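Peer 1: Structure provided below as structure tokens; questions to follow.
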Amino acid sequence: MRAQRFSTVAAAAFMVLGLVACGDSGGDDTAAAPVDKKAAEAFPAGSRMKELADSGKIIVGTKFDQPLFGLKGLSGKPEGFDVKMAELIAGKLGISPDKIEFVETVSANREPFLQQKKVDMVIATYTINDKRDEVVDFAGPYFVAGQDILVAKGNPKKVTGPDALTGLNVCSVSGSTPASTIQTKYPQAKLVLFDNYTKCRDALGNGQVDAVTTDNVILSGYVDQAPDKYELVGKPFTQEPYGIGLPEGQEPFCDFINKVLADADKDGSYAKAFESTAGKVIKNTPKLPSPARGCAK
Ligand code: GLU
């Protein structure tokens with residue numbers, strides 16, 4: 001029931017994102033999100049928001065190797081749109097950016113990290129779907145991507161879309177929705193699995209695989225880093241609505257996050273977060289997908 005409601009939202013929000021090769025890694029150069037120091041006073045006693053606000057810190061699982069969304073570079077701190085979303089939420093809990101502890105999550109360990117409460121939330125190009133929704137909760141979506149294909153510059157194997165992957169070695173990541181889409185819908189492709197997308201990108205770079213498949217926005221970050229080496233096929237063939245993963249049973253916190261996102265969309269801080277990170281490469285600044293899917297199970 002809920003998935004059905006969500007798919008309408010995703011369809012309405014879905015867009016094919018354009019790219020500009022501006023040679024920028026999509027790092028963050030803006031001031032941190034505002035921190036609401038009085039936040040703790042307003043939260044009901046015993047709520048998750050109050051607990052986090054009182055503790056003054058939050059642990060967030062994110063990607064460390066994905067330009068535009070979560071990339072840990074020389075600064076030692078991950079940067080990207082997912083990181084900005086974490087800062088927005090933390091700010092409304094009265095937690096400053098330097099009190100956010102970012103922990104690397106790869107595709108396969110996001111649910112376990114939430115279930116084991118190793119992290120307070122996961123913001124990591126994390127597609128909301130029914131299977132995951134059985135074991136974790138999702139706020140959002142805050143963005144909708146689409147699965148696409150990365151090939152070597154010049155597209156030597158003439159890949160035009162997923163149907164053209166027959167017999168080719170295609171790399172994706174264990175535990176990801178793109179890997180599962182290839183397994184179930186395009187089994188004629190030879191799927192090669194790694195634990196992160198950088199390994200796939202490097203395997204494409206040295207000719208070990210013919211293509212890499214995952215969300216267009218992740219792949220566009222790799223094209224931006226090395227436009228002479230890689231290109232994007234540019235025809236997204238799934239919808240990947242990104243949610244903020246939470247341990248199960250935190251409905252009020254989930255509602256709170258949806259309100260933070262809606263407010264950020266209204267006051268322009270959502271757009272600013274995008275433009276200062278992924279928007280350096282991805283042309284169209286999205287609106288927050290609306291309405292939110294709701295947190296009740
Ligand atoms: N959004 C997809 C997923 O959550 C692919 C990207 C990723 O693996 O993080 O599985």
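Peer 1: Given the rule -39500 (n - 2.57) for each run of at least 4 DSSP H residues, summed and divided by the residues of the chain, what is its mean residue ellipticity at 222 nm, to the nearest 500 deg cm²/dmol?
Peer 2: It lands at -9500 deg cm²/dmol.
Peer 1: May I pose another question? Counting only protein heavy atoms, what percent of the accessible surface of the chain is carbon or sulfur at a 1.4 Å probe?
Peer 2: Of all accessible area on the chain, carbon and sulfur atoms account for 53 percent.
Peer 1: Can you give the net charge of the other residues whose Cβ lies under 12 Å from the Cβ of PHE253, counting K and R as +1 and D and E as -1?
Peer 2: Numbers: positive: ARG48, LYS50, LYS92, LYS259; negative: GLU51, ASP120, ASP137, GLU248, GLU251, ASP255.
Overall, the nearby charge balance is -2.
Peer 1: For the chain, report the accessible area per residue in Å² (1.4 Å probe, heavy atoms, rounded to an integer). Intermediate values should be presented prior to the final figure.
Peer 2: Numbers: 12350 Å² over 297 residues.
Roughly 42 Å² per residue, with all protein chains present.
Peer 1: Would you work out which of PRO241, VAL260, ALA273 lies farthest towards the positive end of the dipole of region 237-291, given +1 charges on the beta-carbon of Lys and Arg and -1 on that of Asp and Glu, about the Cα centre?
Peer 2: Farthest towards the positive pole: ALA273.
Peer 1: Rounded, prolate or oblate: which fits region 211-297, taking a ≥ b ≥ c as square roots of the Cα gyration tensor eigenvalues, rounded meaning a/c under 1.5, else prolate when a/b beats b/c?
Peer 2: The shape class here is prolate.
Peer 1: Mind telling me which of ASP137, ASP215, ASP255 comes out most flexible in a GNM of the chain, alpha-carbon contacts under 10 Å?
Peer 2: With Cα springs under 10 Å in the chain, the top fluctuation among ASP137, ASP215, ASP255 is at ASP255.
Peer 1: Going down the table (LYS77/LYS131; LYS190/LYS272; LYS229/LYS280; LYS131/LYS287), which pairs top 29 Å between alpha carbons? Numbers along the way, then the final one.
Peer 2: On the way: LYS77/LYS131 31 Å; LYS190/LYS272 40 Å; LYS229/LYS280 20 Å; LYS131/LYS287 26 Å.
In this structure, LYS77/LYS131; LYS190/LYS272 lie more than 29 Å apart at Cα.
Peer 1: May I pose another question? I'd like to know which of MET121, PRO178, GLY154 lies farthest towards the positive end of the charge dipole of region 110-191, counting +1 on Cβ of Lys and Arg and -1 on Cβ of Asp and Glu.
Peer 2: After comparing all options, I get GLY154.
Peer 1: Net charge near SER107, counting Lys/Arg +1 and Asp/Glu -1 over other residues with Cβ under 14 Å of its Cβ? It would help to have the intermediate numbers written out before the result.
Peer 2: On the way: positive: LYS63, ARG110, LYS131, ARG132, LYS199; negative: ASP65, ASP82, GLU104, GLU111, ASP195, ASP215, GLU240.
Local net charge: -2.
Peer 1: Out of all Cα-Cα pairs in region 37-84, roughly what percent, to the nearest whole number, are more than 12 Å apart? Let's see the in-between values first.
Peer 2: Details: 748 of 1128 pairs.
Cα-Cα pairs in region 37-84 separated by more than 12 Å: 66 percent.
Peer 1: Quick one: divide the alpha-carbon radius of gyration of region 142-200 by 2.2 N^0.38 Å and tell me what you get.
Peer 2: 1.12
Peer 1: Return the loop-located trypsin sites (Lys or Arg not before Pro) in region 239-284 (DSSP other than H, G, I, E, B) with at most 11 other Cβ atoms within 10 Å of their own Cβ; answer none if there are none.
Peer 2: On the way: sites: LYS259, LYS266, LYS272, LYS280, LYS283; in loops: LYS283.
Answer by residue number: LYS283.
Peer 1: Here's something else I'd like to know. Taking a ≥ b ≥ c as the square roots of the eigenvalues of the Cα gyration tensor of region 73-123, is the shape rounded (a/c under 1.5), prolate (a/b larger than b/c) or oblate? Kindly include the intermediate steps, with their values, before the conclusion.
Peer 2: Numbers: a/c = 2.03, a/b = 1.29, b/c = 1.57.
In terms of gyration-tensor shape, oblate.
Peer 1: Across the Cα atoms of the chain, what radius of gyration and what greatest pairwise Cα-Cα distance (Dmax) are found, in Å?
Peer 2: In Å, with Rg to one decimal and Dmax whole: 18.5, 61.
Peer 1: Also: Provide the net charge surrounding VAL192, with neighbours chosen by a C-beta distance below 11 Å and charges set as Lys +1, Arg +1, Asp -1, Glu -1.
Peer 2: Working: positive: LYS190, LYS199; negative: ASP210.
Net of charged neighbours comes to +1.
Peer 1: Can I ask one more? Which shape class, rounded, prolate or oblate, goes with region 61-202 when its Cα gyration tensor gives a ≥ b ≥ c as root eigenvalues, a/c under 1.5 marks rounded, and past that a/b bigger than b/c marks prolate? Write down the numbers at each step before the final one.
Peer 2: Working: a/c = 2.40, a/b = 1.72, b/c = 1.39.
It is prolate, given that a/c is not under 1.5 and a/b is the larger ratio.
The values are calculated or read from the model by the stated rules, or taken from the named source; none is laboratory data. Here the structure is a predicted model, which means the values were calculated and not measured. Cβ sites come from the backbone with ideal geometry, for glycine too, and all protein chains shown count toward neighbours. Heavy atoms of the whole protein, side chains included, go into the accessibility calculation; ligands, DNA and RNA do not. Shrake-Rupley method; radii C 1.70, N 1.55, O 1.52, S 1.80 Å.
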